[in-house]
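The values are calculated or read from the model by the stated rules, or taken from the named source; none is laboratory data. Since the model is a prediction, treat every value here as computed from it, not as a measurement. Positions of Cβ are backbone-derived with ideal geometry, glycine not excepted, and every protein chain shown enters the neighbour counts. Please note that ligands, DNA and RNA were not included when accessible areas were found on the heavy atoms of the full protein model with its side chains. Shrake-Rupley method; radii C 1.70, N 1.55, O 1.52, S 1.80 Å.
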Protein chains: 4
Amino acid sequence: MNKGRLEAFSDGVIAIIITIMVLQLTVPKEPSFAALLPLVPVFLGYLLSFVYVAIYWNNHHHLLTVCGNASGSVLWANMHLLFWMSLIPFVTAWMGNNPSAALPTALYGVILLLSAIAYAILQARIVAVHPDREQVRHVLGNDFKGHFSPLFYLAAILLAFVSPTISHLIYAAVALLWVVPDRRLEKL
Amino acid sequence: MNKGRLEAFSDGVIAIIITIMVLQLTVPKEPSFAALLPLVPVFLGYLLSFVYVAIYWNNHHHLLTVCGNASGSVLWANMHLLFWMSLIPFVTAWMGNNPSAALPTALYGVILLLSAIAYAILQARIVAVHPDREQVRHVLGNDFKGHFSPLFYLAAILLAFVSPTISHLIYAAVALLWVVPDRRLEKL
Amino acid sequence: MNKGRLEAFSDGVIAIIITIMVLQLTVPKEPSFAALLPLVPVFLGYLLSFVYVAIYWNNHHHLLTVCGNASGSVLWANMHLLFWMSLIPFVTAWMGNNPSAALPTALYGVILLLSAIAYAILQARIVAVHPDREQVRHVLGNDFKGHFSPLFYLAAILLAFVSPTISHLIYAAVALLWVVPDRRLEKL
Amino acid sequence: MNKGRLEAFSDGVIAIIITIMVLQLTVPKEPSFAALLPLVPVFLGYLLSFVYVAIYWNNHHHLLTVCGNASGSVLWANMHLLFWMSLIPFVTAWMGNNPSAALPTALYGVILLLSAIAYAILQARIVAVHPDREQVRHVLGNDFKGHFSPLFYLAAILLAFVSPTISHLIYAAVALLWVVPDRRLEKL
């Protein structure tokens, strides 16, 4: 089976997800600073989600290099990941338009959490169908970030009902943690 | 002729179809559960169509691996399939916004039926232009699902005028039937 | 220089052009036949433009197989073609929403005409930079359709101010002329 | 690491950026010349941005041919470029809808300036990780345009508050400067 087409399709979907988010930055009618100001939280939300989608693309790109066999279960695990990621533009816009509201901030975390779980399932499927599982596990390492991110998302979901700002800071901190070069992946 | 570019173009179109559907999940104005509730049927419709488009992508991906010659009639049979698939976002949104109405539910089935017919035509063209037709037919097998799905869509179209819910269940059941691994295709 | 990336980029842009047109089929609010009826001309316009963009993709695909050198002037001639083609969704929606009006029907033809001219320029550039011009010219043949289509578009633009319906029929006829298999290109 | 997938992803994002801009050409309701007239500045803005995005694609295409190693810092420098470029549709629409206003014209220049800086960073990273830095620097040449464009954008940003028209002319002039064939890049 052709791994190249799985990459090409995923690239296409991720490229569209990362780009259509900008359509939610509604063009203001007035050509003034005052009209631009309410867009600041929407812009920050866009920046945050752009970074998250970029992280997923980078990691997906690395993960697929160790994928030896794009079989049925890998294809569906990949589609499952793309499904949750495709909802990122929706929750980004809702949170960006309501930066001080609990529910949109929590739902943003729910989608990040479900995407992270879907990514873990995809990784597990790729390991499971690989002829040399031990070597792939060794190459992927102990996956510290992969295990801890979901806990941070969970904390942010709950804390959104105390203070959305704390949740926003957690989302930003986890993103930063991932952007910082990861020697485990570079090793590949 | 270059089969790779046919795959790349189809991947692009299918990736856009599967992703722009999410634009029809209108971002609610209020940051409340009450504002989210009317989106539930739209979300379920999105999930259903996401699965259908993913099934088409998977099958298309497999079908093209046996395509030896991307000649004129194969190119146009492929465009014909993409045309009907490109209408899935439209009927998904109409059905999702009117979950208890007969006509949108029936039209959803009409587009699924026309897509299935277009897929069958594409498969027939690929077999017809292949130098070793018998072997390709053998590899593709008896195509049980391919023959029965149109009958289910037809039933769902008619039953939509009795109870849209029955049609929704049929659509979901056919999708499930396809997601379940298909040994015929895995054999390829 | 890498011809593959020129193809990939063109595929991406053409895939988006052909797919975003469907966003202009506004989802009706009412779940009734009456609400669907005004969409019929928009749907027919979408079908016509889908066929035109598919023709361009097919021809572009064939033309690039004889392109030996994706140099600067070929890159810009290609961008020039994509620019006019990117306006097809706009004129399709305007004509579809105003099927009996002269101006949108004429402007549709103007965009088809400018796209055809841009295609001719791209073809000329690809011939010009090819090391064996005579052979490429021979392979491309006398290009009957390429020479006559612009005359038909010109006629349709002028006749739109007499009767838009005549222009619509001309657009449909020229599209049909192109969909019919072209032995010249098959020869490649 | 796989440079091909970096190119494919960038192609996808740039193809979407260049194409979704056309969605901001709102289809007029009336089928008259009068209804088309207010779209003229929006159309000119679209043309200008189309040319800028095309220039970036061309240059990016050339730059990546000398990229030997798509490592972590190159991936992120590329994402950083795509981020600023993804805001071009937004500023194009705002400037096009308000052609005589200072702020949108200045913000357009800010996004061009940030994109140019991001491009310079990407180029610097690609040179830095290349095994033979001296040769790459020699191939890239003295990069006259790359150094002077930011100064022009800066001038246009400031002059927008004196006369937006002067800024528009500067943007158009810089674009023309880039479209004119560049022997440095052809040499590659």
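When C:F161, C:F148, C:F152 are screened for being open to solvent by 30 Å² or more (accessible area, probe 1.4 Å), outside any helix (DSSP H, G or I) and either modelled with pLDDT of 80 or more or small (G, A, S) (or both), only C:F161 passes.
Of everything listed in (1) over 29 Å from D:P164 (Cα atoms); (2) free of Cβ contacts under 8 Å to residues at least 60 places away in the same chain, the single unmet condition for D:G146 is (1).
Taking first residues from the range C:75-100 that are closer than 16 Å to D:S32 by Cβ and partners that are open to solvent by 20 Å² or more (accessible area, probe 1.4 Å) and of a type in the set (K, R), no Cβ contact under 7 Å between residues at least 6 apart in sequence or on separate chains turns up. With respect to the conditions (1) loosely packed, with under 13 Cβ neighbours inside 10 Å; (2) modelled with pLDDT of 90 or more, D:A118 lacks only one, and its number is (1). The single condition among (1) at pLDDT below 90; (2) open to solvent by 10 Å² or more (accessible area, probe 1.4 Å); (3) part of a helix (DSSP H, G or I); (4) more than 9 Å from every other protein chain (Cβ to nearest Cβ) that B:P131 does not meet is (3). Listed by position, the helices (runs of 4 or more DSSP H) enclosed by the range D:1-115 that each have at least 3 residues that are open to solvent by 20 Å² or more (accessible area, probe 1.4 Å) and away from chain A (no Cβ under 11 Å) are D:33-36, D:39-65. Can you confirm whether A:S32 is modelled with pLDDT of 90 or more, farther than 22 Å from A:K145 by Cβ and among the small types (G, A, S)? The answer is yes for A:S32.
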